[in-house]
1. Based on this model, can you work out whether I48 counts as within 30 Å of A10 (Cβ to Cβ) and in contact (Cβ under 8 Å) with a residue 40 or more places away in the chain?
2. Quick one: R85 ticks every box in (1) open to solvent by 30 Å² or more (accessible area, probe 1.4 Å); (2) of a type outside the set (D, E); (3) out of contact with any Leu (no Cβ under 8 Å at 6 or more places or on another chain) bar one, so which box is it?
3. Inspect the range 7-22 for any residue being part of a loop (DSSP other than H, G, I, E, B), open to solvent by less than 60 Å² (accessible area, probe 1.4 Å) and in contact (Cβ under 8 Å) with a residue 12 or more places away in the chain and give the result as yes or no.
4. With R85, R76 as the choices, which residue is under 22 Å from Q129 (Cα atoms), under 12 Å from the mean Cα position of the chain (by Cα) and without any contact (Cβ under 8 Å) to a residue 60 or more places away in the chain?
5. So if I check each of T65, T99, T90, which one is open to solvent by less than 60 Å² (accessible area, probe 1.4 Å), free of Cβ contacts under 8 Å to residues at least 40 places away in the same chain, within 15 Å of V133 (Cα to Cα) and part of a strand (DSSP E or B)?
6. Tell me, which residue of the range 27-59 that is open to solvent by less than 60 Å² (accessible area, probe 1.4 Å) and of a type in the set (A, V, I, L, M, F, W, C) is nearest to the chain's Cα centre (by Cα)?
7. Please identify the pairs in which a residue from the range 127-140 that is free of Cβ contacts under 8 Å to residues at least 12 places away in the same chain and more than 27 Å from D113 (Cα to Cα) has its Cβ atom under 6 Å from the Cβ atom of a residue that is open to solvent by less than 20 Å² (accessible area, probe 1.4 Å) and part of a strand (DSSP E or B), counting only partners at least 6 apart or on another chain.
Amino acid sequence: MADFNATNYARTQSVPSRSVDGGDYGGRQRVVYDEYVTTGSETTGDRIKVGTLRAGQRFLGGRLTYGAMGSGRTLRLGDLEDDDRYMASTSVASTGQSTIAAVAGFGHKPLQDHDLFLTVGGGTLANGQTIKVRLSIVSD
């Protein structure tokens, strides 16, 4: 049986030991939490800003909960470079929750601060519905 070392673990084991960025190894997990109540004016292409991923922080995932937004309505989570980096278009037609698994965006680490936002799809969102977002990030 053979053992293999992942990149950052190998850095900690080398002689002399090499530095590893705190956002990559031994960092602190932080939470970004926000809420938004729809006004009934949010429509396809509109964005709801929910947080910022700072330069050097890594995105780990999260959870989205929402009220019934209407038939065919969707939300996706991304940033200015990729509007669905963290969550592809997800139906929000009826009350529910979604795990933000971010297959493509998992571990994304921007070089500069990035605002994170939900983009509306499929028409106008219903009035008075609550959206809650919890995002997990890691930094030093």
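1. no
2. Only one criterion is unmet by R85, namely (3).
3. Yes, the conditions are met somewhere in the range 7-22.
4. Testing whether each residue is under 22 Å from Q129 (Cα atoms), under 12 Å from the mean Cα position of the chain (by Cα) and without any contact (Cβ under 8 Å) to a residue 60 or more places away in the chain leaves just R76.
5. Every option except T90 fails the conditions.
6. Ranking the candidates gives F59 first.
7. As it stands, the answer is none, since no pair meets every condition given.
The values are calculated or read from the model by the stated rules, or taken from the named source; none is laboratory data. Since the model is a prediction, treat every value here as computed from it, not as a measurement. Here the Cβ is made from the backbone with ideal geometry for all residues, glycine too, and neighbour counts use every protein chain on show. Remember, those area values only see protein heavy atoms, side chains included, never the ligands or the DNA or RNA. Shrake-Rupley method; radii C 1.70, N 1.55, O 1.52, S 1.80 Å.
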